[in-house]
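All remarks here apply to the structure that follows.
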Amino acid sequence: MVKKIGKIFLIVILGFLVFIIGKFLLVWNSVEVDRSLSQKPLFKSFDQQKQTNIWGSESEDIKTNDFKTKSDSISPAYYMCSINENPMLNVTFSVGDGFSGGGFQIDIFQNRYKISPYSYTDDIKLFDFLDTGEYYKVLDSKLILDKESYQKGDSIFGYTELKVQRRYGPEKYIEEGKGYFKGKVK
């Protein structure tokens, strides 16, 4: 009886591990590495430019990216870029006015990545904790980095393209974005 329960427990554990590994390999795409990416003249020109903000004017910050999105329903947006390592590398493109906004987050783990949109608001509703978020599906994506791994304090240079379906049914729309980015891992 104990051996039978042990075998069932082992099968359940192995099945769970196969499921987790399969999901990781299907959802997370491979990062392309181009060691010459940081040598592009575009990155040197970023140092002489100011980052464009949500209102279309220049901010005080030095330009870190030229990532833009376009869709049928939204005008092109200019994004800020932040890069953190906690414990996996996160590249976040965000646009907002301080009260609400959103963007895209790229999670990078062991030379694989996953892109997901996010949003935030200060308009808190009674049952917001039940909201599972807006439906999205990443139709196509590409990420190119200048190195395979990074530590805190390292410079990072990259390029990304994405095509994301937001919502579904008659409200669905496609959002496409692409651009270069640079920064330091915090």
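The values are calculated or read from the model by the stated rules, or taken from the named source; none is laboratory data. No experiment lies behind these values; they were computed from the predicted model shown. When we count neighbours, we look across all protein chains shown, and the Cβ atoms used for this are built from the backbone with ideal geometry, even at glycine. What goes into the accessible areas is simple: the full protein's heavy atoms, side chains included, and nothing from ligands, DNA or RNA. Shrake-Rupley method; radii C 1.70, N 1.55, O 1.52, S 1.80 Å.
Residues in segment 30-40 that are open to solvent by 60 Å² or more (accessible area, probe 1.4 Å) and not in a helix (DSSP H, G or I): S30, E32, R35, S36, K40. Consider segment 71-96 and keep the residues that are of a type outside the set (D, E, K, R), assigned to a strand (DSSP E or B) and over 25 Å from R167 (Cβ atoms). The one that is modelled with the highest pLDDT is L89. Scanning segment 99-137 for residues that are at pLDDT 85 or above and either in contact with a helix residue (DSSP H, G or I) (Cβ under 9 Å, 6 or more places away or on another chain) or assigned to a helix (DSSP H, G or I) (or both) yields a count of 3. Has segment 144-152 got any residue that is out of contact with any Gly (no Cβ under 8 Å at 6 or more places or on another chain) and outside any loop (DSSP other than H, G, I, E, B)? The answer is no; no qualifying residue exists.
Inspect all residues belonging to segment 169-183 and state whether any of them is aromatic (F, W, Y), modelled with pLDDT of 90 or more and either farther than 18 Å from V91 by Cα or open to solvent by less than 40 Å² (accessible area, probe 1.4 Å) (or both). There is at least one residue in segment 169-183 that is aromatic (F, W, Y), modelled with pLDDT of 90 or more and either farther than 18 Å from V91 by Cα or open to solvent by less than 40 Å² (accessible area, probe 1.4 Å) (or both).
Applying the condition of being of a type in the set (A, V, I, L, M, F, W, C) and farther than 20 Å from I156 by Cβ to segment 96-125 and asking which residue is surrounded by the fewest Cβ atoms within 10 Å (Cβ to Cβ) yields I124.
Would it be correct to say that K147 is touching a residue at least 24 places away in the same chain (Cβ under 8 Å), more than 17 Å from F104 (Cα to Cα) and either of a type outside the set (V, I, T) or open to solvent by 50 Å² or more (accessible area, probe 1.4 Å) (or both)? So K147 passes the test. For segment 1-53, the set of residues classified as β-branched (V, I, T) and within 24 Å of the chain's Cα centre (by Cα) consists of I20, I21, V27, V31, V33, T52, listed by residue number.
Conditions tested, residue by residue: (1) modelled with pLDDT of 90 or more; (2) farther than 17 Å from K184 by Cα.
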site	(1), (2)
G6	no, yes
V18	yes, yes
L25	no, yes
D34	yes, yes
Q51	no, no
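Taken over segment 144-184, residues that are of a type in the set (D, E, K, R) and either more than 27 Å from R35 (Cβ to Cβ) or under 15 Å from the mean Cα position of the chain (by Cα) (or both) amount to 10.
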